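Q: Sharing a structure with you now.
The values are calculated or read from the model by the stated rules, or taken from the named source; none is laboratory data. Note that this is a predicted model, so its numbers are computed, not measured. With ideal geometry, Cβ positions are generated from the backbone for all residues, glycine too; neighbour counts draw on all protein chains shown.
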Amino acid sequence: MKPKMKLSIHEDEFQLLMEQGVAAALEAKRLSEKYGKDFFDCEDLIKILGVGRDNVRSLMRSRDFPAKTIGNRKVVSALAFATWACAADGKQ
């Protein structure tokens with residue numbers, strides 16, 4: 001039997017992660033209600049982010065971005081998008 005590994009995290013880091021999670025959930029709810037959907041495609045992200053189609057398509061192909069392919073469409077859930085945005089905001 002393998003010994004269980006313990007993840008050690010500082011209390012301040014834990015608090016920051018919790019705050020980002022709550023902020024992401026609230027932002028996902030706001031976006032879902034505003035746009036009337038739980039998944040966003042390229043056109044939705046153009047409106048949300050205020051950037052051009054080429055930039056959004058590049059973002060959707062990025063390894064860091066949580067887009068999923070459904071058929072031949074790329075979409076991102078509101079929660080995954082908000083979580084990604086909060087994490088990206090914290091890195092700057």
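Q: Quick one: count up the residues across the stretch 39-63 that are surrounded by fewer than 16 Cβ atoms within 10 Å (Cβ to Cβ) and acidic (Asp, Glu).
A: Total meeting the criteria: 2.
Q: Separate question: Looking at Thr69, Thr83, which is the one that is loosely packed, with under 11 Cβ neighbours inside 10 Å, out of contact with any His (no Cβ under 8 Å at 6 or more places or on another chain) and either among the aromatic types (Phe, Trp, Tyr) or at pLDDT 90 or above (or both)?
A: Testing whether each residue is loosely packed, with under 11 Cβ neighbours inside 10 Å, out of contact with any His (no Cβ under 8 Å at 6 or more places or on another chain) and either among the aromatic types (Phe, Trp, Tyr) or at pLDDT 90 or above (or both) leaves just Thr69.
Q: Within the stretch 29-38, take every residue that is surrounded by fewer than 16 Cβ atoms within 10 Å (Cβ to Cβ) and under 14 Å from the mean Cα position of the chain (by Cα) and give me the one that is modelled with the highest pLDDT.
A: Once the filter is applied, the top-ranked residue is Asp38.
Q: Within the stretch 69-77, is even one residue closer than 22 Å to Val22 by Cβ and touching a residue at least 24 places away in the same chain (Cβ under 8 Å)?
A: Yes.
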